[in-house]
1. Just to verify a result, which residue in the range B:390-406, among those that are part of a helix (DSSP H, G or I) and of a type in the set (S, T, N, Q), is least open to solvent (accessible area, probe 1.4 Å)?
2. Return only the number of the condition from (1) of a type outside the set (Ser, Thr, Tyr); (2) open to solvent by 10 Å² or more (accessible area, probe 1.4 Å); (3) part of a helix (DSSP H, G or I) that residue B:247 does not satisfy.
3. (1) in contact (Cβ under 8 Å) with a residue 60 or more places away in the chain; (2) open to solvent by 30 Å² or more (accessible area, probe 1.4 Å); (3) over 30 Å from residue B:354 (Cα atoms): which one isn't true of residue A:49, the others all being true?
4. Return yes when residue A:143 is under 12 Å from residue A:206 (Cβ atoms) and of a type outside the set (S, T, N, Q) and no when it is not.
5. Yes or no: the range B:410-423 includes at least one residue that is at the interface with another protein chain (Cβ under 7 Å from one of its Cβ atoms), of a type in the set (Gly, Ala, Ser) and more than 39 Å from the chain's Cα centre (by Cα).
6. Return the residues of the range A:243-272 that are more than 28 Å from residue A:131 (Cβ to Cβ) and within 14 Å of another protein chain (Cβ to nearest Cβ); say none if nothing qualifies.
7. Hey, any hits in the range B:280-298 for a residue that's more than 13 Å from chain A (Cβ to nearest Cβ) and open to solvent by 10 Å² or more (accessible area, probe 1.4 Å)?
8. Would the range B:366-378 turn up any residue that is part of a helix (DSSP H, G or I) and open to solvent by 10 Å² or more (accessible area, probe 1.4 Å)?
2 protein chains.
Amino acid sequence: MKTILYPNKKGWLKLRQRPRIQVKELNTLVNQVFEKINVEGDKAVLNYTKQFDKVNLKSLQVNEETIKSASQSISLELKQAIKLAKRNVEKFHQAQTELSKKIETTEGVVCWRESRPIEKVGIYIPGGTAPLFSTVLMLGVPAKIAGCKEIILCTPPNERGEISPAILYTASLIGITKIFSVGGIQAIAAMTFGTESIAKVDKVFGPGNQYVTAAKQTAQNFGVAIDLPAGPSEVLVIANNTCKPAFVAADLLSQAEHGADSQVILLSDNKTIIGEVLVELKTQVEKLPRKEIAEAALKNSKAIVLKTIIDCIAFSNLYAPEHLILAIEDSQRLIPKISNAGSVFLGNYSCESAGDYASGTNHTLPTNGYARNYSGVSLDSFVKKITFQQLSKQGIKNIGPAIEIMAETEQLFAHKNAVTVRLKNL
Amino acid sequence: MKTILYPNKKGWLKLRQRPRIQVKELNTLVNQVFEKINVEGDKAVLNYTKQFDKVNLKSLQVNEETIKSASQSISLELKQAIKLAKRNVEKFHQAQTELSKKIETTEGVVCWRESRPIEKVGIYIPGGTAPLFSTVLMLGVPAKIAGCKEIILCTPPNERGEISPAILYTASLIGITKIFSVGGIQAIAAMTFGTESIAKVDKVFGPGNQYVTAAKQTAQNFGVAIDLPAGPSEVLVIANNTCKPAFVAADLLSQAEHGADSQVILLSDNKTIIGEVLVELKTQVEKLPRKEIAEAALKNSKAIVLKTIIDCIAFSNLYAPEHLILAIEDSQRLIPKISNAGSVFLGNYSCESAGDYASGTNHTLPTNGYARNYSGVSLDSFVKKITFQQLSKQGIKNIGPAIEIMAETEQLFAHKNAVTVRLKNL
């Protein structure tokens, strides 16, 4: 981790930059897979699964038997943990339900919004060494609360053609029953067009590697919405002399272990604190199974000393981190100054892991500076808000003349006439 | 307008299709303009304005003097109409402000969301024959309510290098002072990169032709967010025997006059009503200045008779119209059945023009079937919602063990350790 002392504002602009992501030219491959799956459906999906995942599946859908038996291969302790996390995620997202408020903007003109679920949503859960069942919770729970009619889950099979029991158990606990053993570009293409076994969806959610990211981008060209633009995960910690250096080091490492491209930034108004955290980092990283990954991420990472904590907040707003930890005892006072961040963790006992798993907030958050212009996933991500308006005779009488003159000025005479015919009829 | 009687469900799928938009290959041009403006800034913007708009401007920003004097060239009546519309749009969007609710998901674990404005937003207002000052209201008012720090407005100059006084007056009324005489790809590119006079923005809003649409798409590759995917405007009217055929015809025409590619659909359970509306259409279209445009749009349009009004709602949900008018006296009872629509107009006196100008709802809505998976523009479009969480010692004690086992199962040991170091310290 490189330490930088009191950079000037021009230096800030450089320091906020993420390492440039080398996006490989995947478009040709993605378009090929999309076209083939659009035409050939399941057959093509099975072929690509054989080609890319080296598994010869007979069918894509995970059968009921397998889902049911998953529960038996998980410890009671893990099940209870998942249930606790589910309860908290439910509580927090349930509270995001918008009550419809009728507003009488002018006498006789009543306007309001009502939420409706996006009918069909697709959840993508990456494969790899670890089963990301926590993401099943973060996407499945709000989809269920929203009332999405069809929720399908795609996740790549391992080399034996199996899906992790933790993923199956979590999905089943939420009530997701349509689970498909398919990953990568072929999963996103299948959800975009629909196949014999996989339903076409309206919106695709979930993280993934560069293939999945490119496929989600392409899906948008076919009318499918996506949750968020993608980028590597990141944390920015602001620590002052009230922090616990061992906690800060542990938080930095929990981000660094995600991948060599993870972004980790430490800010402080106190050089000594930074020194203490760096010492802790060295000790703690040694004990990690993912030591090499974490060390690679730390190489790209920066510890920056600024004059004041207010300067640290200003830098953080410029950086717009996915996760912002304020390792500061009286951090509440800083909240109004935070303008760009995905999720914020206040004080010494609010570690990022809490939000990743069980506090109740969503862990699908804007990365790569997108916290400037995007929110993380919430209940809102699974609904549309439809506006309604009802005008009485009095209502059109009150606002009709204003509409007539505005429409006429915009040279839209049929718009004007739609009011005129009504006013004449009163 | 083509009349279709009792199509079967398979026929519905075909009927819901929009005419295929011929997207010209504009990418080469868009990329060229983007690159040039990224490097050369204002100079390139001025050159493109000369090339595309045939105007030789000295500076891009509209000066204070011109903005002030715009007020003098507008009638008092129009000013009052704009003020009435502004008040209603303000009332409706102000009511969308989300109050922060703290949720204690588990004892000692408090989570909440706070809205923050997107700091810099750009509003694009198309040029052409008519000045779309109503769109200035629809985008400017919620941007102001959200508290966006920098709001810039770009709109192409006419052949004399001027901007419509109605646009200048409306912008100034809202408090938008940074107005630039620049349109097309060059406007979107300038807001994407920033130039000497035009600020780089975080999100671009507003309608436009195919060049603007392609440019907004490209802007997303450079980290800029956009309001909505674009498509031609559309209305779907459901009418029964309680409708007024003259009103329905006027509403269909107010959509048809937008452009030859506008989509107009009429549904009814009553063949006679459809006949009466078609007769009214013929009479009313004759009197329109935009008669040719409206007639061209009507050629692509359909009147469909279905067995019941419930069938009509089902077809509408499949079609997912931008505007849905229920020309039905007791339309309230149908509201729960509406699942996909941008904005809904209830009863005989709620014409689309009301929502286009002055009822208070936003007129920037999802087209082309995107009402399935997108909401229209609202206050939410101008803010990010940041999640916060604060855990006390009791909080981490309560949920820490669950986090530890979940992180371990996902093989993220540093995530687990961030909890362990804290639990050990209690």
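The values are calculated or read from the model by the stated rules, or taken from the named source; none is laboratory data. No experiment lies behind these values; they were computed from the predicted model shown. Quick reminder, even Gly has a Cβ in these numbers, built from the backbone with ideal geometry, and neighbours come from all protein chains shown. Note: accessible area is taken over every heavy atom of the protein model, side chains too, but ligands, DNA and RNA are not part of it. Shrake-Rupley method; radii C 1.70, N 1.55, O 1.52, S 1.80 Å.
1. Start the filter on the range B:390-406 by keeping residues that are part of a helix (DSSP H, G or I), which leaves B:393-406.
Remaining after also requiring of a type in the set (S, T, N, Q): B:394, B:398.
On the way: B:394: 75, B:398: 53 Å².
The extreme case among them is B:398.
2. Every condition holds for residue B:247 apart from (2).
3. Residue A:49 satisfies all of (1) in contact (Cβ under 8 Å) with a residue 60 or more places away in the chain; (2) open to solvent by 30 Å² or more (accessible area, probe 1.4 Å); (3) over 30 Å from residue B:354 (Cα atoms) except (2).
4. The answer is yes for residue A:143.
5. yes
6. Listed by number, the residues that qualify are A:243, A:244, A:245, A:246, A:248.
7. Looking for residues that are more than 13 Å from chain A (Cβ to nearest Cβ) and open to solvent by 10 Å² or more (accessible area, probe 1.4 Å), one finds at least one in the range B:280-298, hence yes.
8. Scanning the range B:366-378 turns up at least one residue that is part of a helix (DSSP H, G or I) and open to solvent by 10 Å² or more (accessible area, probe 1.4 Å).
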